[in-house]
Amino acid sequence: MLPLSSCCRHATRSLLAFSDSNAACVGLPALNTQVRNYAKARPGVVKPSSHGFSKAQKKGKGGELEDTDQAAATKRKRYTAFLPMPVAQLTHPLFETDQRNSQLQLQSFHPEILTEAVISQALAFPQNDKDPSRIFGLPRNLLVEYRILSKPCSVIRGVTIDVINRLDLASQEGSTNHRLVIAGSPGCGKSVLLLQALQYCYMRDWIVLYFPRAISLVNSTTSYAYDPRTQTYAQPVFAYQTLQRLLTVNGPRLEQLRTQAGVEVERRGTVPAGASLADLVKVGTKEQVLAPTVLTAVLSELGKQTAFPVLLAIDDFQAIYCKTKYRDPHYSRIQPYHLSMPRLLLEYASGLKQFARGAVVGALSGTDTTFKLPLELAEVLSLPPTSPSGPYAKRVPELQSYAKGLSRVSVPDALAVSEATELFDVWTRDRAIPAAPNDELFLAKYSESGGNARDFIWKGLLSTLTL
Amino acid sequence: MVHVLGVALPDMQLARLALTNFYGIGHKTAQRLCARLQIHDRSKIRDLTAQQITELASFLASPSTAPPLRRMPLASPTFQPPPASTPIEVLRKRVTELSKPTGAEPLRNLKIEAEGRRVVRENIAHQRMIGSYVGKRHAMGLPVRGQNTQSNAKTAKKLNRVNRFG
């Protein structure tokens with residue numbers, strides 16, 4: 001088993017899905033010099049430059065050392081997701097570091113063993129260079145959780161087997177009939193279920209495309225420009241990053257596929273029929289401006305081929321149905337179907353475009369309150385609306401047409417006792433819980449959280465003051 | 001560090017905040033400017049292309065004479081785009097034909113830097129010329145808007161005059 005420091009190093013390098021501006025500016029610190037910020041006395045608050053710089057801040061109060069400390073503190077402040085200290089730095093005998101690495105032995109997540117027999121068992125996700133959760137990134141909640149755990153794992157539930165059976169059907173049929181939306185109460189395990197589906201499909205030789213934070217498509221964090229050909233706002237940088245990730249994860253499979261027709265690309269002529277799909281993707285990764293056209297073409301080629309089923313997995317699915325934070329030159333907010341990336345996802349989610357073999361699976365999320373579940377989507381999925389509803393509430397006809405035909409997969413609000421027991425066992429064996437692991441603690445926390453998975457772990461076990 | 005019309009815009013600053021360094025541009029106007037130039041919220045000055053900076057400079061040099069904005073056509077869900085080999089001039093012409101003129105543009109009346117300071121100076125000079133209470137208070141270097149003078153008139157006593165901003 002990898003020591004915690006290597007896990008974290010892996011996580012630092014690749015589990016974060018940054019937008020283009022963030023990726024450019026964040027320099028990752030060396031892990032072996034990391035110190036917990038709250039334990040360190042800060043020299044002073046660093047003001048943003050718009051508030052002006054005082055002479056003291058410019059010259060450096062107290063000399064060079066404080067300047068570098070302040071610069072280092074500023075640099076460390078930029079990280080939004082938790083980064084744990086490596087185990088090797090926990091030298092005090094209180095931490096019992098010599099006993100940390102040997103406890104968590106889990107069976108590996110493998111598609112062959114996924115039957116009713118493994119329900120309520122925890123299985124560890126594989127860790128390799130081309131792991132989709134590593135390359136595409138993870139939602140923030142899961143990222144933090146997997147940084148705390150010594151290895152990313154999840155508990156197999158009844159709903160996991162249902163989704164997997166559904167995906168087995170979808171592998172032989174078109175994606176129009178297999179457009180699923182995972183819904184449930186906050187913290188019930190929607191993102192984890194989506195991740196399980198993604199890992200299953202990847203190991204079953206599907207071609208996978210995963211958007212762990214679809215909100216980053218619509219929250220004005222990536223460049224956009226009006227394209228007169230498609231009459232939408234293209235997002236070249238995001239399309240370029242998507243193509244890179246698609247190629248990294250699915251490279252060998254894309255090498256085996258061939259384009260069925262010539263693909264026209266602006267200013268670069270035509271990529272001939274019979275060219276490898278991997279080469280087509282590389283045309284898009286060479287020039288960012290061409291990336292949106294190439295991504296559309298690659299997905300349409302993937303839709304025509306029948307050699308590999310295709311999975312399009314989208315977390316924060318409701319975000320692509322909300323009005324975006326982008327503004328057009330007249331300062332009105334741009335609709336998602338007028339932006340290239342959300343439009344592409346909406347077309348596949350609505351069945352306007354389809355994969356000959358495959359499925360589109362989305363998971364709703366209530367974490368970001370600026371992108372709440374819109375009325376059009378709530379009505380199609382028969383979910384209680386979060387915004388004013390009724391016959392007088394305004395509905396956008398285009399979004400209603402994009403939401404038609406979606407089917408809901410409900411995740412149970414509460415974990416079953418056996419599932420909660422397994423989860424409790426995993427966290428206990430990983431030495432994450434300060435309290436004595438007994439039945440009393442388990443039942444107390446299970447009752448307090450009402451079986452809700454996130455509350456059980458975060459507000460129950462990890463926040464408990466009992467010893 | 002990019003210099004636009006004599007104002008230095010720091011590289012590491014968000015573009016929509018860096019634009020507030022201009023006299024006459026606050027947060028709202030900066031957001032509108034970014035929208036007009038299609039600069040996203042998290043873009044920093046160093047991420048801007050040379051073309052965007054040129055457009056920004058040419059717009060701010062003279063906002064009232066900037067080419068009028070048109071409402072570009074936006075694709076419906078069933079829109080099929082023309083092939084990628086279509087020449088760009090044909091596409092632009094088609095889009096211009098389909099575009100609609102806009103009404104009022106708030107940024108057209110934008111006055112920044114020297115022009116903005118001149119407007120303030122002229123307003124105060126006008127108040128003095130017509131002999132109003134406001135003009136007299138500026139001339140005396142006292143608060144204009146009915147604030148207390150028994151105590152706390154320090155800023156007015158320091159700054160208020162008929163010829164403000166040199």
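If only residues of the stretch A:393-441 that are over 25 Å from the mean Cα position of the chain (by Cα) and of a type in the set (Asp, Glu) are counted, the one that is nearest to A:Val361 (Cα to Cα) is A:Glu398.
Within the stretch B:13-25, the residues that satisfy the criterion of being facing another protein chain (nearest Cβ under 9 Å) and open to solvent by 30 Å² or more (accessible area, probe 1.4 Å) are B:Leu17, B:Thr20, B:Asn21.
Here's the yes/no breakdown for (1) touching a residue at least 40 places away in the same chain (Cβ under 8 Å); (2) open to solvent by 50 Å² or more (accessible area, probe 1.4 Å); (3) on the phi > 0 side of the Ramachandran plot; (4) not β-branched (Val, Ile, Thr):
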residue: A:Val426; (1), (2), (3), (4): yes, no, no, no
residue: A:Leu443; (1), (2), (3), (4): no, yes, no, yes
residue: A:Ser463; (1), (2), (3), (4): no, yes, no, yes
residue: A:Thr466; (1), (2), (3), (4): no, yes, no, no
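B:Gly131 meets the conditions (1) more than 30 Å from B:Ser62 (Cβ to Cβ); (2) assigned to a helix (DSSP H, G or I) in every case but one. The failed one is (2).
Residues in the stretch A:385-420 that are open to solvent by 30 Å² or more (accessible area, probe 1.4 Å), under 22 Å from A:Ile156 (Cα atoms) and assigned to a helix (DSSP H, G or I): A:Val417, A:Ser418. B:Leu9 meets all of the listed conditions (1) open to solvent by less than 70 Å² (accessible area, probe 1.4 Å); (2) at the interface with chain A (Cβ under 10 Å from one of its Cβ atoms) but one, namely (2). Taking the condition of a type in the set (A, V, I, L, M) and farther than 15 Å from A:His178 by Cβ, does A:Leu312 pass? Taking the combined requirement at face value, the residue does not satisfy it. It is to be established whether one or more residues within the stretch A:321-331 are more than 12 Å from every other protein chain (Cβ to nearest Cβ), modelled with pLDDT of 95 or more and crowded, with 16+ Cβ neighbours inside 10 Å. Scanning the stretch A:321-331, I find at least one residue that is more than 12 Å from every other protein chain (Cβ to nearest Cβ), modelled with pLDDT of 95 or more and crowded, with 16+ Cβ neighbours inside 10 Å, so the answer is yes. Total residues in the stretch A:172-223 satisfying the condition of being open to solvent by 10 Å² or more (accessible area, probe 1.4 Å), among the small types (Gly, Ala, Ser) and under 25 Å from A:Phe238 (Cα atoms): the figure is 3. Which one is nearest to A:Lys323 (Cα to Cα) among residues in the stretch A:377-396 that are touching an Asp or Glu at 6+ places or on another chain (Cβ under 9 Å) and not β-branched (Val, Ile, Thr)? The residue in question is A:Arg395. Residue-level check: of (1) open to solvent by less than 40 Å² (accessible area, probe 1.4 Å); (2) of a type outside the set (A, V, I, L, M); (3) closer than 30 Å to A:Ser332 by Cβ, B:Gln80 misses just (1).
Count of the stretch B:72-126 residues, restricted to those that are without any contact (Cβ under 8 Å) to a residue 40 or more places away in the chain, within 14 Å of chain A (Cβ to nearest Cβ), in a helix (DSSP H, G or I) and over 30 Å from A:Gly351 (Cα atoms), is 7. On the stretch given as the stretch B:26-44, residues that are more than 7 Å from chain A (Cβ to nearest Cβ) and buried (at least 21 other Cβ atoms within 10 Å of the Cβ) total 3. Checking each residue in the stretch A:332-357 for being under 21 Å from A:Asn177 (Cα atoms), within 14 Å of another protein chain (Cβ to nearest Cβ) and hydrophobic (A, V, I, L, M, F, W, C) picks out A:Leu344, A:Leu345, A:Leu346, A:Ala349, A:Leu352.
The values are calculated or read from the model by the stated rules, or taken from the named source; none is laboratory data. The shown structure was predicted, so the numbers you read here are calculated from the model rather than taken from an experiment. As a convention, Cβ positions derive from the backbone with ideal geometry for all residues, glycine included, and neighbour counts pool all protein chains shown. We work out accessible area using only protein heavy atoms, side chains counted, and drop any ligands, DNA or RNA first. Shrake-Rupley method; radii C 1.70, N 1.55, O 1.52, S 1.80 Å.
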